[in-house]
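**Q** There's a structure below that I have some questions on.
The values are calculated or read from the model by the stated rules, or taken from the named source; none is laboratory data. Predicted, not measured: the structure shown is a model, and the values here were computed from it. As a convention, Cβ positions derive from the backbone with ideal geometry for all residues, glycine included, and neighbour counts pool all protein chains shown. Note: areas computed on protein heavy atoms with side chains; ligands, DNA, RNA excluded. Shrake-Rupley method; radii C 1.70, N 1.55, O 1.52, S 1.80 Å.
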Amino acid sequence: MTLTRRTLVAAGLAAPAILSLGSRARAATTLKISHQFPGGTIDEGDFRDRACRKFAAALAERSKGALELQVYPGSSLMKTNAQFGAIRKGALDMTLYPSPYAGGEVPEMNIGLMPGLVTSYAQATAWKTAPVGRKLTEILESKGVVVVSWVWQAGGVASRDRPLFTPSDAKGLKVRGGSREMDLMMKAAGAATLSIPSNESYAAMQTGACDAVITSSTSLISFRLEELSKSLTSGAQHTYWLMWEPIMMSKIVFDRLPKDQQDLIMTIGSELEAFGQKGAKDDDTRVEQVFAKAGAKVQQLDEKTLGQWRDIAKDTAWKDFAGKSASCAELLKLAEQVS
């Protein structure tokens with residue numbers, strides 16, 4: 001075939017358009033974030049879903065369309081307990097995930113719901129830059145996980161019948177605690193425990209498989225547990241249940257992105273932390289209103305009762321966790337240094 005000058009010129013003119021189109025296609029990256037909580041909008045609904053949607057909107061705008069984040073609420077993309085393993089393998093890009101759900105794969109994650117260890121938002125917030133937070137971040141990166149945004153939530157107890165307030169109240173109850181460590185404390189107080197994600201709590205209470213559910217204030221509202229409860233122990237003032245629920249990203253996926261996009265993801269994640277804390281605190285107040293309106297008896301945990309629970313936790317959950325490995329023992333020691 002003979003290449004004429006006209007053919008070469010035509011090819012030369014077409015090439016920039018083809019290259020430009022290819023460049024745009026390579027630059028556009030679609031990520032997926034999954035979580036177990038009810039879906040809503042960027043302005044209404046569970047603040048954890050809203051945080052993911054705010055993340056998606058900011059990412060699209062500030063990357064000028066180069067990054068798109070699709071939000072999958074209600075475990076609609078994959079089952080709740082599969083999400084952590086999926087980000088480690090690169091099968092899922094991002095998740096907003098309760099830390100103790102990951103304890104089966106990475107035991108150190110159980111420190112994120114260690115009863116009585118973190119008892120205020122100020123203490124929780126300090127973890128990120130404290131040695132305990134840096135160590136936890138380092139451990140997760142070694143397991144293929146990047147911590148993008150730090151979210152903490154206080155929680156309370158919804159009971160079908162009699163209140164679960166003091167340790168003596170636990171005897172004979174079937175309780176969902178939310179972590180192995182919480183279950184150890186409850187068992188020591190005389191309760192039977194069951195291990196289920198919070199999005200299965202309604203069905204468990206409805207069928208009688210569970211008498212009391214301990215979970216975040218937001219989940220108590222989002223999963224409508226006031227419909228089945230006669231009492232609420234609120235964590236608005238004092239709580240032994242304060243959980244780390246970070247937004248995390250697959251390190252495999254993160255490492256594939258250019259540096260400017262990595263920086264943008266981490267910046268937005270950090271900026272969202274104030275929104276997350278406000279959402280959690282607002283729900284600590286709102287949950288009392290929701291349950292009271294439904295006719296439930298509402299009590300706030302007092303400092304003396306918190307101390308009773310904490311003493312049991314130290315002898316059971318804390319001791320068990322520290323005995324798992326040198327890494328777990330170090331994390332606990334570092335955490336105790338944050339006041």
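**Q** If a residue must be closer than 23 Å to N81 by Cα, among the hydrophobic types (A, V, I, L, M, F, W, C) and either outside any helix (DSSP H, G or I) or over 22 Å from the mean Cα position of the chain (by Cα) (or both), how many such residues does region 187-226 contain?
**A** 10
**Q** Might you let me know whether region 267-285 holds any residue that is of a type in the set (V, I, T) and touching a strand residue (DSSP E or B) at 6+ places or on another chain (Cβ under 7 Å)?
**A** Within region 267-285, the subset of a type in the set (V, I, T) is 267-268, 285.
From what is left, the residues that are touching a strand residue (DSSP E or B) at 6+ places or on another chain (Cβ under 7 Å) are none.
No, region 267-285 has no match at all.
**Q** Separate question: Those residues that are among the small types (G, A, S) and under 15 Å from the mean Cα position of the chain (by Cα), I need them from region 40-72; list them, please. Walk me through it before giving the result.
**A** Keep residues of region 40-72 that are among the small types (G, A, S), which gives 40, 45, 51, 56-58, 60, 63, 65-66.
Answer for region 40-72, where residues must be among the small types (G, A, S) and under 15 Å from the mean Cα position of the chain (by Cα): just A51.
**Q** Taking only region 174-185 into account, find how many residues are open to solvent by less than 40 Å² (accessible area, probe 1.4 Å) and touching a Leu at 6+ places or on another chain (Cβ under 8 Å). First the steps, then the outcome.
**A** Of all residues in region 174-185, those open to solvent by less than 40 Å² (accessible area, probe 1.4 Å) come to 175-179, 181-183, 185.
Now drop any that are not touching a Leu at 6+ places or on another chain (Cβ under 8 Å), which leaves 175-176, 178-179, 181-182.
Residues flagged as open to solvent by less than 40 Å² (accessible area, probe 1.4 Å) and touching a Leu at 6+ places or on another chain (Cβ under 8 Å) within region 174-185 amount to 6.
**Q** Quick check: anything in region 199-208 in contact (Cβ under 8 Å) with a residue 60 or more places away in the chain and surrounded by fewer than 24 Cβ atoms within 10 Å (Cβ to Cβ)? Full working, then the answer.
**A** The first filter runs over region 199-208 and keeps only residues in contact (Cβ under 8 Å) with a residue 60 or more places away in the chain, leaving 199.
Now narrow it down to the ones that are surrounded by fewer than 24 Cβ atoms within 10 Å (Cβ to Cβ): 199.
Within region 199-208, one or more residues are in contact (Cβ under 8 Å) with a residue 60 or more places away in the chain and surrounded by fewer than 24 Cβ atoms within 10 Å (Cβ to Cβ).
**Q** Let me ask something else. State whether one or more residues within region 307-329 are at pLDDT 95 or above and more than 22 Å from M109 (Cα to Cα). Spell out the reasoning first.
**A** Just the residues of region 307-329 that are at pLDDT 95 or above, to begin with: 307-329.
Those left that are additionally more than 22 Å from M109 (Cα to Cα): 307-308.
Within region 307-329 (the criterion being at pLDDT 95 or above and more than 22 Å from M109 (Cα to Cα)), the answer is yes, since at least one residue qualifies.
**Q** Out of everything in region 125-154 that is more than 13 Å from the chain's Cα centre (by Cα) and surrounded by 24 or more Cβ atoms within 10 Å (Cβ to Cβ), what residue ends up being nearest to A292 (Cα to Cα)? Working first, answer last.
**A** Going residue by residue through region 125-154, those that are more than 13 Å from the chain's Cα centre (by Cα) are 125-146.
Subsequent filtering for residues that are surrounded by 24 or more Cβ atoms within 10 Å (Cβ to Cβ) retains 136, 145.
Working: L136: 38, V145: 40 Å.
Out of the qualifying residues, it is L136.
**Q** Looking at S63, S75, can you tell me which residue is at pLDDT 95 or above, more than 30 Å from A236 (Cβ to Cβ), surrounded by fewer than 23 Cβ atoms within 10 Å (Cβ to Cβ) and not aromatic (F, W, Y)? Break it down into steps so the answer makes sense when it comes.
**A** Numbers: S75 fails: more than 30 Å from A236 (Cβ to Cβ).
Only one candidate passes the filter, namely S63.
**Q** Ok, one more. Looking at region 314-332, I want the residues that are of a type in the set (V, I, T) and have a partner that is open to solvent by 10 Å² or more (accessible area, probe 1.4 Å) with Cβ atoms under 8 Å, at least 6 apart or on another chain. Which pairs are those?
**A** The qualifying pairs are T316/L184; T316/K187; T316/A188.
**Q** Right, next: Among residues belonging to region 279-313 that are touching a residue at least 60 places away in the same chain (Cβ under 8 Å), under 14 Å from G235 (Cβ atoms) and open to solvent by 70 Å² or more (accessible area, probe 1.4 Å), point out the one that is farthest from the chain's Cα centre (by Cα).
**A** E303
**Q** Determine which member of the set L232, L228, L242 is in contact (Cβ under 8 Å) with a residue 12 or more places away in the chain, open to solvent by 30 Å² or more (accessible area, probe 1.4 Å) and closer than 22 Å to Q289 by Cβ. Spell out the reasoning first.
**A** Details: L232 fails: open to solvent by 30 Å² or more (accessible area, probe 1.4 Å); L242 fails: open to solvent by 30 Å² or more (accessible area, probe 1.4 Å).
Within the list L232, L228, L242, the selection yields L228.
**Q** Here's another thing I want to ask about it. What's the number of the condition S229 fails, among (1) among the hydroxyl-bearing types (S, T, Y); (2) touching a Ser or Thr at 6+ places or on another chain (Cβ under 8 Å); (3) part of a loop (DSSP other than H, G, I, E, B); (4) within 18 Å of A126 (Cα to Cα)?
**A** It is condition (4) that S229 fails.
**Q** If you go through region 32-50 one residue at a time, how many are of a type outside the set (S, T, Y), open to solvent by less than 20 Å² (accessible area, probe 1.4 Å) and closer than 12 Å to T95 by Cβ? Break it down into steps so the answer makes sense when it comes.
**A** The initial filter retains those residues of region 32-50 that are of a type outside the set (S, T, Y), namely 32-33, 35-40, 42-50.
Remaining after also requiring open to solvent by less than 20 Å² (accessible area, probe 1.4 Å): 33, 35-37, 46-49.
With the extra rule that they be closer than 12 Å to T95 by Cβ, the set shrinks to 33, 35-37, 48.
Counting residues in region 32-50 that are of a type outside the set (S, T, Y), open to solvent by less than 20 Å² (accessible area, probe 1.4 Å) and closer than 12 Å to T95 by Cβ gives 5.
**Q** Would you kindly identify the helices (runs of 4 or more DSSP H) lying entirely within region 297-339 that contain at least 2 residues that are within 27 Å of S159 (Cβ to Cβ)? Please lay out each step first, then the result.
**A** Details: elements: 303-313, 319-322, 326-336.
In region 297-339, 303-313, 319-322 are the helices (runs of 4 or more DSSP H) which contain 2 or more residues that are within 27 Å of S159 (Cβ to Cβ).
**Q** Oh, and also: If I ask for residues that are of a type outside the set (K, R) and in a helix (DSSP H, G or I), which ones from region 278-296 would you list? Walk me through it before giving the result.
**A** Just the residues of region 278-296 that are of a type outside the set (K, R), to begin with: 279-280, 282-285, 287-292, 294-296.
Passing the criteria: G279, A280, D282, D283, D284, T285, V287, E288, Q289, V290, F291, A292.
**Q** Follow-up. Return the pairs, sorted by first residue and then second, in which the second residue is open to solvent by 20 Å² or more (accessible area, probe 1.4 Å) and assigned to a strand (DSSP E or B), the first residue lies in region 152-164 and is within 18 Å of E245 (Cβ to Cβ), the beta carbons are less than 6 Å apart, and the residues are 6+ apart or on different chains.
**A** Cβ pairs passing all conditions: none.
**Q** Another one. Scan region 33-42 and give yes if some residue there is at pLDDT 95 or above and closer than 16 Å to K278 by Cβ, otherwise no.
**A** There is at least one residue in region 33-42 that is at pLDDT 95 or above and closer than 16 Å to K278 by Cβ.
**Q** Sticking with this one: Which of (1) open to solvent by less than 40 Å² (accessible area, probe 1.4 Å); (2) in contact with a helix residue (DSSP H, G or I) (Cβ under 9 Å, 6 or more places away or on another chain); (3) farther than 30 Å from A209 by Cβ is the odd one out, the single condition P100 does not satisfy?
**A** (3)
**Q** Please go through region 251-272 and pick out each residue that is outside any helix (DSSP H, G or I) and either open to solvent by 30 Å² or more (accessible area, probe 1.4 Å) or β-branched (V, I, T) (or both). Please lay out each step first, then the result.
**A** From region 251-272, those outside any helix (DSSP H, G or I) are 257-258; that's our starting set.
Of everything in region 251-272, just one residue is outside any helix (DSSP H, G or I) and either open to solvent by 30 Å² or more (accessible area, probe 1.4 Å) or β-branched (V, I, T) (or both), namely P258.
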